[in-house]
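Student: First the structure, then my questions, so here it is.
The values are calculated or read from the model by the stated rules, or taken from the named source; none is laboratory data. All of these numbers come straight from a predicted model, not from anything done at the bench. For neighbour counting, all protein chains shown are included, and Cβ atoms are generated from backbone atoms with ideal geometry for every residue, glycine included. Accessible surface is based on the protein model in full, side chains and every heavy atom, while ligands, DNA and RNA are left aside. Shrake-Rupley method; radii C 1.70, N 1.55, O 1.52, S 1.80 Å.
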Amino acid sequence: MDRATAWERATRGRAAPFAVVDLAAFDANAADLARRAAGRPIRVASKSIRVRHLLERALAHEGFAGVMSYSLREALWLAESGLTDLFVAYPTSDRGALTALVRDEQALREIAIAVDSVEHVEALRRWLPAGAPVRVVIDVDASLRLGPAHLGVRRSPTRSPRRAVAVATAAHRAGLRVDGLMFYDAQIAGLPDSSAAVRLVKARSDASLRRRRGAVRSAVEEVVGPLRIVNGGGTGSLEVTGADPALTELAAGSGLIGPTLFDGYDAFSPQPAVAFALPVVRRPARSIVTVFSGGYIASGAAGRSRVPSVHHPEGLGLIGSEGAGEVQTPLRGKAARDLSIGDHVWFRHAKAGELAERFDEYLVVRGDEVVDVVPTYRGEGKNFG
């Protein structure tokens, strides 16, 4: 039985729209990520999950340890819920959350926050009580630079060992605890292997980063002592980035879910673990059906790669002049002729975690049965931006 048929059997009689998580696919993806990490612990990227139940399930798998959070308020909530070893990988300016952090001894033990510049450190020094022992991780630019070309994401202004030492020194003088370093190699982890040019960029990036990561780590450790966290990589680069001895851990999240943006890699093929069903509500023409809702467009550079994709039935696709709509989405293809009003069309999202912002709950499917219903962050009344 193919996966979509099993989902359809499991959800027969339920009113769409709804989303499902397939436990067999999720667990298989977790095992494959751990295999690719080759013994290096994987910190789970919560932004790619946004369901507490699934974060806990991932962490129960061998090879996973700790959470890479995207919001300090999210990390505080997860710590209150019992999760440990939380690293907020994006800088915060939320003074209320910072105040809550320093007032909570357990949170101070379990949570580290990102900084990427002396400017960040100075802001924290102004906002925090003097001597507050907040853990910080320095986000170091991991992009590839070829002459004037910048290949990678625009994140941190700190790139060299000298700049990293300046940030670490400022943090130490401010009373902060320098807990580690982060190097996110987006131009390796986030790019499908679509051409020889992309593969060359990845190889050049890896070679450059292996020289620079070790130098940055050594320089910072000379100032502040041994670092607990030296994080790098992502779903798309585990077997490459994980071979660097300068790192203590890797990060991944999307590979657990298997969104469409990760369909084009040479080294791995995640199974679709999360999908959503929309009901047919119109038939404008013999080979066109319209489903309710569907405009779940992924963040990032606008384009075809950011729209949801029809998973089942095969042979249906979006109409270019309308795309995925706010409250309805027309689909064209021969398969439309066999669909009736009320039938389900199954979709996959382009990104892993953003679908959870559209649904209050996921139906948990094992085989062709719904075995549980779990709330998303949204279903728990949480919205962290």
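Student: Got a number for residues in the stretch 33-59 being surrounded by fewer than 18 Cβ atoms within 10 Å (Cβ to Cβ) and not in a loop (DSSP other than H, G, I, E, B)?
Tutor: The qualifying residues number 3.
Student: Which pairs do you get when a residue that is within 15 Å of Ser46 (Cα to Cα), found in the stretch 365-381, comes within reach of a residue that is buried (at least 17 other Cβ atoms within 10 Å of the Cβ) and not aliphatic (A, V, I, L, M), reach meaning Cβ atoms under 6 angstrom, with the pair 6+ apart or on two chains?
Tutor: The qualifying pairs are Pro375/Glu361; Thr376/Arg50; Thr376/Phe359; Tyr377/Arg50.
Student: Please determine, by comparing only the residues of the stretch 102-159 that are in contact with an Asp or Glu (Cβ under 7 Å, 6 or more places away or on another chain) and among the acidic types (Asp, Glu), which one is farthest from Gly300 (Cα to Cα).
Tutor: The selected residue is Glu110.
Student: I've got another one for you. Would you be able to tell me the number of residues in the stretch 275-297 that are on the phi < 0 side of the Ramachandran plot and open to solvent by less than 10 Å² (accessible area, probe 1.4 Å)?
Tutor: Start the filter on the stretch 275-297 by keeping residues that are on the phi < 0 side of the Ramachandran plot, which leaves 275-292, 295-297.
Now drop any that are not open to solvent by less than 10 Å² (accessible area, probe 1.4 Å), which leaves 275-278, 280, 289-291.
Count: 8.
Student: Could you identify the single residue in Pro133, Pro192, Pro157 that is at negative phi, touching a Phe, Trp or Tyr at 6+ places or on another chain (Cβ under 6 Å), touching a residue at least 24 places away in the same chain (Cβ under 8 Å) and not small (Gly, Ala, Ser)?
Tutor: On the way: Pro133 fails: touching a Phe, Trp or Tyr at 6+ places or on another chain (Cβ under 6 Å); Pro157 fails: touching a Phe, Trp or Tyr at 6+ places or on another chain (Cβ under 6 Å).
Unique residue meeting the criteria: Pro192.
Student: Any idea which residue in the stretch 300-327 is nearest to the chain's Cα centre (by Cα), counting only those that are farther than 25 Å from Ala6 by Cα and open to solvent by 70 Å² or more (accessible area, probe 1.4 Å)?
Tutor: Among them, the one singled out is Ala301.
Student: Still on this structure: For the stretch 236-246, enumerate the residues that are of a type outside the set (Gly, Ala, Ser) and either surrounded by 24 or more Cβ atoms within 10 Å (Cβ to Cβ) or under 13 Å from the mean Cα position of the chain (by Cα) (or both). Break it down stepwise before answering.
Tutor: Going through the stretch 236-246, the residues of a type outside the set (Gly, Ala, Ser) turn out to be 238-241, 244-245.
Once the filter is applied, which keeps residues that are of a type outside the set (Gly, Ala, Ser) and either surrounded by 24 or more Cβ atoms within 10 Å (Cβ to Cβ) or under 13 Å from the mean Cα position of the chain (by Cα) (or both), the stretch 236-246 yields Leu238, Thr241.
Student: Which pairs do you get when a residue that is without any contact (Cβ under 8 Å) to a residue 60 or more places away in the chain and open to solvent by 40 Å² or more (accessible area, probe 1.4 Å), found in the stretch 209-235, comes within reach of a residue that is β-branched (Val, Ile, Thr) and part of a helix (DSSP H, G or I), reach meaning Cβ atoms under 6 angstrom, with the pair 6+ apart or on two chains?
Tutor: Val223/Val165; Val223/Thr169
Student: Still on this structure: I'd like to verify a number: residues in the stretch 183-208 that are open to solvent by 30 Å² or more (accessible area, probe 1.4 Å) and in a helix (DSSP H, G or I), how many?
Tutor: Here is the first cut: in the stretch 183-208, the residues open to solvent by 30 Å² or more (accessible area, probe 1.4 Å) are 184, 190-192, 194-197, 199-201, 203-204, 207.
Now drop any that are not in a helix (DSSP H, G or I), which leaves 196-197, 199-201, 203-204, 207.
Here the count works out to 8.
Student: List every residue pair whose Cβ atoms sit under 8 Å apart, with the two residues 6 or more apart in sequence or on different chains, where the first one lies in the stretch 238-258 and is in contact (Cβ under 8 Å) with a residue 12 or more places away in the chain and farther than 14 Å from Arg210 by Cβ and the second, anywhere, is among the polar types (S, T, N, Q) and assigned to a loop (DSSP other than H, G, I, E, B).
Tutor: Final answer for the pair search is Gly258/Gln271.
Student: Further, regarding this structure: Within the stretch 60-72, is there a residue that is surrounded by fewer than 20 Cβ atoms within 10 Å (Cβ to Cβ) and in a helix (DSSP H, G or I)?
Tutor: No, that holds for no residue.
Student: Ala30 is checked against (1) open to solvent by 40 Å² or more (accessible area, probe 1.4 Å); (2) in a helix (DSSP H, G or I) and fails just one. What number does that condition carry?
Tutor: (1) is the only condition that Ala30 fails.
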